[in-house]
Structure formats: C-alpha cells, structure tokens
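J.: A single structure is presented below for examination.
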Amino acid sequence: MLSRFMSGSIRNLEREYSCTVRLLDDTEYTCTIQRDAKGQYLFDLICHHLNLLEKDYFGIRYVDPDKQRHWLEFSKSIAKQMKSQPPFTMCLRVKFYPPEPASLKEEITRYLVFLQIKRDLYHGRLLCKTSDAAMLAAHILQAEIGNYDPGKHPEGYSSKFQFFPKHSEKLERRISDIHKTELIGQTPETSERNFLQKAQMLETYGVDPHPCKDVSGNPAFLAFTPFGFVVLQGNRRVHFLKWNEVTKLKFEGKTFHVHANQREDKKIILTYFAPTPEACKHLWKCGVENQAFYKLEKSSQVRTVSSSNLFFKGSRFRYRAGLVPSRSCPSITHGPRLTSVPRTRRRAVHISIMEGLESLRDSAHSTPVRSVSHGDCFMPRSRSQATDASERTAVISDEAYSPSDSVLPTPVAEHSMELAVSRQINGAPCSIEEEKESEAGTPMRGEGGDFGAEEGAGGDSALSEVEQVNKFVLSVLRLLLVTIGLLFVLLLLLIILTESDLDIAFLRDIRQTPEFEQFHYEYFCPLRRWFACKLRWVGGLLINK
C-alpha cells in the first residue's frame with residue numbers, strides 16, 4: 001500500500017512516460033507521451049502508425065497490478081488510469097467485433113480483425129466442430145504461406161503452426177489435405193475473406209468470456225457478442241439474449257444482474273457473481289459499451305450519469321462523454337486502399353515461417369512437435385440455427401473445452417489438463433489469465449477453464465486474504481483523508497468568516513469568546529503580518545527586476 005502511494009508521487013514528478021503497445025501481429029509500438037496525455041492521443045498515434053481509418057472496432061487493453069484487465073478510456077488521462085509505474089505496457093485488440101467482418105472495405109481493418117480471430121481460435125475462445133476447424137486453419141495456411149508446394153512444404157508441415165490449443169494428428173492431416181487440394185490459387189486477401197465469412201457464422205464469434213458463478217455456485221462464462229448477451233457453462237450455451245431484449249445491466253459489489261424482456265409476458269432477471277468487485281464493474285462496463293455500440297445509432301443517445309467512486313460501488317456509473325465511439329460506416333471507402341501495412345507484415349511472417357519449414361524439411365523423418373491431443377470435436381451450429389433456438393439451451397461442444405496455458409508460439413504444456421482437473425476437484429474457479437502476463441509484462445502461468453480465453457479477470461483465488469485486507473485498509477484511509485480534508489476546509493472557512501467584517505449574531509458571539517481573542521492576537525495577527533511581509537518582499541523583488 002505504501003509503495004502504491006510512493007509510486008504515485010514519483011510518477012507525478014515525471015513529465016513524460018514511455019509507453020509500449022503490443023499490436024495484433026505481436027510487434028510492438030513504443031512512443032513517449034506527456035504526463036497529461038489522454039487515451040485518445042495514444043490511440044490516434046497507433047492508428048496513424050497502422051494507417052487505420054475504421055478505428056471504432058478497436059481499443060487498447062491493459063492489466064493493472066491486481067491482474068484485473070481494463071479498456072483504456074480515451075477521454076481520460078492515461079497516467080491517471082494506470083496503477084503501475086511507467087513504462088506502461090498495453091495491447092491493441094478488437095473491442096467491438098464487426099457483425100460482418102468480411103464486408104469491411106479497408107484491407108488493413110480486415111487484416112487486423114483476421115489476426116484477432118486467429119488469436120481467438122488459438123486461445124480457445126472461438127470454438128468450432130472439427131470440419132470447421134480444419135477449414136479455418138487451412139485458410140490461415142493459404143493466407144500466410146500461399147499455395148502448397150511439395151518442394152517447400154514437407155510432410156507434416158502444418159504441425160509447425162499452432163492453430164488451436166489442442167489438436168490431433170488426424171486434424172493436422174485434414175488441414176493439410178484442404179490446403180493442398182481445395183485452396184489452390186486463392187490470394188491472401190481471398191483466403192482472409194473466406195476465413196472471416198466462416199468465423200462469423202460460428203456460435204462463439206466475438207466472445208470475450210468473463211468468469212463468474214451462478215446462484216448455485218456453478219462456474220459460468222458471461223460474454224457479449226455483436227448479436228447479444230450469452231452465458232456459457234461447460235459445453236452448453238445456457239442463455240442467449242438479443243440486444244433488443246436486454247432492458248438493464250446492473251451491478252453492485254460482486255453481483256451482476258441482467259434484466260430482459262423476451263416476450264411481452266415474459267420478463268427475466270439473470271444473476272451472476274464475479275470473482276471481485278473490480279471484475280464485476282469491468283463486466284458491467286463491457287456490457288453497457290457493447291449494447292450501446294450495437295444498438296444505438298449515435299453516442300449522444302447514451303445516458304450520462306456521473307457518480308463518485310469513493311462512497312458508491314454500484315451501477316450508477318454510466319458513460320462519460322466520449323466513452324462510446326461514434327461508428328464510421330464500414331461501407332464507405334476512406335481514400336486509397338491500404339495494402340502496404342498488411343502485406344509488409346505478411347511478408348515478415350512468411351519469411352519466418354519458411355525458415356521453420358526449411359528446418360522441418362531437413363528433419364522430415366523426425367517426430368514433429370505437436371500439442372497433446374484433446375479430442376477432435378469442437379462446436380456445431382450455425383448463426384441461423386442460433387437465432388431460431390435462442391430461448392433454449394444449446395450445445396456448443398461435445399465436451400468442456402480447456403484452453404491452453406501457453407503464449408504463442410510456445411507448445412502447450414502436457415500437464416495443463418492435470419492443472420485444470422485438479423482445480424475443478426478442489427472447487428477452485430477456472431481462470432482465463434493467459435494474456436494478462438503478456439499485457440502486464442510479468443511471467444505468470446495461466447490456468448485452464450471450461451471455456452477458453454487469453455485475457456481474463458481471474459477467479460476467486462486472484463485476491464488473497466492479505467490483498468483483501470490491504471484493499472479494506474486503503475478504503476478506510478481514503479475515507480479518513482477525505483474526512484480530515486473536509487474538516488480542515490470547514491475550519492478555514494470559519495476562521496475567514498470570523499475575521500471578516502460580517503455583522504452576524506453567530507459570528508459576534510464567537511468573536512467575544514476568550515478563546516477566539518487568544519487565537520486572534522497570538523496566532524492570526526502574527527501570521528497575517530508574516531504573510532504581509534513576505535508579499536512586500538516578493539513585490540520588491542519584482543519591481544527591482
């Protein structure tokens with residue numbers, strides 16, 4: 001707690017900060033920002049660096065020292081939002097998934113969304129059945145290495161790629177067969193479009209899961225998609241509410257409520273419990289932002305209600321101005337097509353991949369490095385089927401899917417499943433921590449869960465008892481400091497009034513007391529003379545200059 005106060009004091013003395021933003025292709029953009037720079041300034045720098053015009057789908061994410069993730073607010077100072085010491089590390093991510101990503105006009109926008117969905121696929125957020133998984137992976141191969149060439153691509157070349165956290169040799173062979181036979185002649189742009197068209201039809205497209213528990217204490221994942229609010233438990237989607245059915249999102253402490261009208265005569269309230277109050281607030285904020293983005297035409301339609309964060313921990317918090325971006329129409333082409341950036345990145349990826357394939361060809365008879373197989377079945381159902389069955393439980397996978405605990409391109413650890421099983425046996429909630437270590441820049445092992453995510457809010461074990469006590473003490477100290485400050489201001493105001501010439505009975509009574517006369521002659525008058533002397537001295541210096 002003391003270090004937190006000290007770090008804030010040191011940070012306030014600095015005029016410039018170094019800031020590193022990790023982009024979707026795993027490169028880094030480093031810049032220097034002023035102490036009072038707002039989030040919008042940093043976001044504009046990144047968009048200019050990428051030649052990105054369709055900005056509204058993207059955001060900057062960071063993780064605080066308590067391993068809680070946040071979206072950077074563009075209308076607020078960066079330094080005031082960050083709770084860690086500089087240099088700051090953040091990540092550019094897709095914040096609002098386009099309902100039809102393949103229809104985006106700008107190639108750089110499609111390419112960045114392509115990279116995001118590829119990350120979702122690898123980290124287990126985008127689940128699919130085996131046939132869809134093979135087709136998606138084949139499109140990635142075609143987009144990155146081009147047509148199959150027997151001279152360049154030896155047997156088992158697809159095993160050099162980590163498309164999923166877990167996959168089998170059978171799936172690898174199917175990926176290679178599709179790449180060799182069905183995708184010959186497709187350009188990288190065409191393969192990316194086909195990949196996006198396939199991905200948008202999947203049930204979990206756009207899902208960024210938040211770990212929670214239902215009223216019975218069962219683990220669940222809550223998520224917001226371009227089409228509505230979903231609840232996932234194990235291998236099932238137990239709830240799906242369209243955005244026009246959601247009437248209110250509310251939180252208080254760790255409790256999150258969703259009010260919805262599915263029919264005129266059917267009103268429901270869903271209640272879930274987040275691991276921490278901070279995680280619950282982040283969950284609520286993401287929900288309100290997504291609903292406003294996909295449902296409202298303009299950001300001016302968003303209700304604005306401000307509230308102090310000192311005494312209230314509920315959902316009276318609302319958007320402030322600038323929190324919800326005004327969406328640009330994706331059907332409008334903004335100037336010339338921006339092909340240089342994605343093509344440059346694709347060439348860099350292609351070079352590194354070909355180097356790996358060369359080494360693989362030299363050792364084609366050796367056993368390829370491969371993740372531990374975790375079954376071939378992922379997730380069925382199309383978007384149209386999801387809409388028709390929105391009011392009943394939907395199976396999204398044949399079994400609970402456990403995410404990898406690694407960061408690309410590190411192979412999946414063989415004992416990750418044992419960790420997940422042991423956590424479930426002990427009753428501990430599953431966490432989705434993987435990208436927190438990437439964003440926070442600290443080495444930390446992730447843990448598996450029923451439904452994968454590379455960035456998460458952590459489970460109940462994320463905060464130890466010591467941390468909870470520290471938070472309570474910090475809240476008490478904050479309240480004490482505010483109380484002392486208010487008393488000091490009131491005392492100062494009373495002194496000014498009593499020393500003034502105001503003729504009020506209440507003030508006359510105070511002036512006639514012996515205590516006031518003693519204070520007036522022994523303290524106030526000498527202090528006033530000292531200030532007057534200093535002012536005359538400063539005035540003399542200014543006149544002489």
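J.: Give region 99-125 a look and list any residue that's basic (K, R), under 16 Å from E203 (Cα atoms) and assigned to a helix (DSSP H, G or I), or say none. Walk me through it before giving the result.
T.: The initial filter retains those residues of region 99-125 that are basic (K, R), namely 105, 110, 118-119, 125.
Checking which are under 16 Å from E203 (Cα atoms) leaves us with 118, 125.
Once the filter is applied, which keeps residues that are basic (K, R), under 16 Å from E203 (Cα atoms) and assigned to a helix (DSSP H, G or I), region 99-125 yields only K118.
J.: A further question follows. Within region 77-91, track down each residue that is touching a helix residue (DSSP H, G or I) at 6+ places or on another chain (Cβ under 6 Å) and either among the basic types (K, R) or not in a helix (DSSP H, G or I) (or both). Step through it out loud before you land on a result.
T.: The first filter runs over region 77-91 and keeps only residues touching a helix residue (DSSP H, G or I) at 6+ places or on another chain (Cβ under 6 Å), leaving 78, 85, 91.
Residues satisfying the conditions are Q85, C91.
J.: In region 114-133, what residues are open to solvent by 10 Å² or more (accessible area, probe 1.4 Å) and either charged (D, E, K, R) or touching a Cys at 6+ places or on another chain (Cβ under 8 Å) (or both)?
T.: Matches in region 114-133: K118, R119, K129, T130, D132.
J.: Take the residues in region 450-493 that are surrounded by 10 or more Cβ atoms within 10 Å (Cβ to Cβ) and either of a type in the set (D, E) or more than 48 Å from the chain's Cα centre (by Cα) (or both); name whichever of them is modelled with the highest pLDDT.
T.: This residue is E467.
J.: If I filter region 200-219 for residues that are assigned to a helix (DSSP H, G or I) and either of a type in the set (A, V, I, L, M) or surrounded by fewer than 22 Cβ atoms within 10 Å (Cβ to Cβ) (or both), do I get at least one hit?
T.: Applying the first criterion (assigned to a helix (DSSP H, G or I)) to region 200-219 yields 200.
Now narrow it down to the ones that are either of a type in the set (A, V, I, L, M) or surrounded by fewer than 22 Cβ atoms within 10 Å (Cβ to Cβ) (or both): 200.
Looking for residues that are assigned to a helix (DSSP H, G or I) and either of a type in the set (A, V, I, L, M) or surrounded by fewer than 22 Cβ atoms within 10 Å (Cβ to Cβ) (or both), one finds at least one in region 200-219, hence yes.
J.: Return yes when D149 is among the charged types (D, E, K, R), farther than 13 Å from R93 by Cβ, free of Cβ contacts under 8 Å to residues at least 12 places away in the same chain and open to solvent by 10 Å² or more (accessible area, probe 1.4 Å) and no when it is not. Give the steps one after another, and end with the answer.
T.: Numbers: among the charged types (D, E, K, R): yes; farther than 13 Å from R93 by Cβ: yes; free of Cβ contacts under 8 Å to residues at least 12 places away in the same chain: yes; open to solvent by 10 Å² or more (accessible area, probe 1.4 Å): yes.
Judged against the criteria, D149 is a match.
J.: Please work out if L104 is more than 25 Å from T181 (Cα to Cα) and either open to solvent by less than 10 Å² (accessible area, probe 1.4 Å) or without any contact (Cβ under 8 Å) to a residue 60 or more places away in the chain (or both).
T.: Values: more than 25 Å from T181 (Cα to Cα): yes; either open to solvent by less than 10 Å² (accessible area, probe 1.4 Å) or without any contact (Cβ under 8 Å) to a residue 60 or more places away in the chain (or both): yes.
For L104, the condition - more than 25 Å from T181 (Cα to Cα) and either open to solvent by less than 10 Å² (accessible area, probe 1.4 Å) or without any contact (Cβ under 8 Å) to a residue 60 or more places away in the chain (or both) - is met.
J.: Here is a further query. Is it the case that R35 is of a type in the set (K, R) and open to solvent by less than 40 Å² (accessible area, probe 1.4 Å)? Outline the logic, then answer.
T.: Details: of a type in the set (K, R): yes; open to solvent by less than 40 Å² (accessible area, probe 1.4 Å): no.
Criteria not met by R35.
J.: Sticking with this one: Anything in region 59-83 that is within 19 Å of R15 (Cα to Cα) and in contact with an Asp or Glu (Cβ under 7 Å, 6 or more places away or on another chain)? List them, or say none. Break it down into steps so the answer makes sense when it comes.
T.: Looking only at region 59-83, we keep the residues that are within 19 Å of R15 (Cα to Cα), and these are 76-83.
Within region 59-83, S77, Q81, K83 meet the criteria.
J.: Shifting gears a bit: For V238, indicate whether it is touching a residue at least 60 places away in the same chain (Cβ under 8 Å), aliphatic (A, V, I, L, M) and surrounded by fewer than 22 Cβ atoms within 10 Å (Cβ to Cβ).
T.: Values: touching a residue at least 60 places away in the same chain (Cβ under 8 Å): yes; aliphatic (A, V, I, L, M): yes; surrounded by fewer than 22 Cβ atoms within 10 Å (Cβ to Cβ): yes.
It is true that V238 is touching a residue at least 60 places away in the same chain (Cβ under 8 Å), aliphatic (A, V, I, L, M) and surrounded by fewer than 22 Cβ atoms within 10 Å (Cβ to Cβ).
J.: Can you pull out the residues in region 38-74 that are assigned to a strand (DSSP E or B), open to solvent by 10 Å² or more (accessible area, probe 1.4 Å) and within 20 Å of E107 (Cα to Cα)?
T.: none
J.: Follow-up. Go through region 13-32 and report how many residues are under 17 Å from C91 (Cα atoms), open to solvent by 10 Å² or more (accessible area, probe 1.4 Å) and part of a loop (DSSP other than H, G, I, E, B).
T.: We begin by selecting, within region 13-32, every residue under 17 Å from C91 (Cα atoms); these are 17-32.
Then drop every residue that is not open to solvent by 10 Å² or more (accessible area, probe 1.4 Å), which leaves 18, 20, 22, 25-32.
Keeping just the survivors that are part of a loop (DSSP other than H, G, I, E, B) gives 25-27.
The total comes to 3.
J.: While we're here: Please go through region 243-297 and give me each residue that is open to solvent by 70 Å² or more (accessible area, probe 1.4 Å) and either within 14 Å of C212 (Cβ to Cβ) or part of a strand (DSSP E or B) (or both), ordered by number. Can you show your working first?
T.: Taking region 243-297 as the starting set, the residues that turn out to be open to solvent by 70 Å² or more (accessible area, probe 1.4 Å) are 244, 247-248, 250, 252, 254, 263-265, 267, 269, 273, 295, 297.
Residues satisfying the conditions are T247, K248, K250, E252, K254, R263, K267, I269, F273.
J.: May I pose another question? Check whether at least one residue in region 168-188 is outside any helix (DSSP H, G or I) and under 25 Å from R236 (Cα atoms), and report yes or no.
T.: Yes, region 168-188 has at least one match.
J.: Further question on the same structure: Identify all residues within region 234-260 that are within 21 Å of the chain's Cα centre (by Cα) and either of a type in the set (S, T, Y) or under 17 Å from L202 (Cα atoms) (or both); write none if there are none.
T.: Within region 234-260, the first condition is being within 21 Å of the chain's Cα centre (by Cα), and the residues that meet it are 243, 249-258.
The answer is T255, and nothing else.
J.: Within region 149-171, track down each residue that is within 14 Å of S131 (Cβ to Cβ) and of a type in the set (D, E, K, R).
T.: K170
The values are calculated or read from the model by the stated rules, or taken from the named source; none is laboratory data. Treat the numbers as computed from the prediction; the structure is a model and nothing was measured. Counting neighbours? That spans all protein chains shown, and the Cβs are built from the backbone with ideal geometry, glycine included. Just the protein is used for accessible areas: all its heavy atoms, side chains included, with ligands, DNA and RNA removed. Shrake-Rupley method; radii C 1.70, N 1.55, O 1.52, S 1.80 Å.
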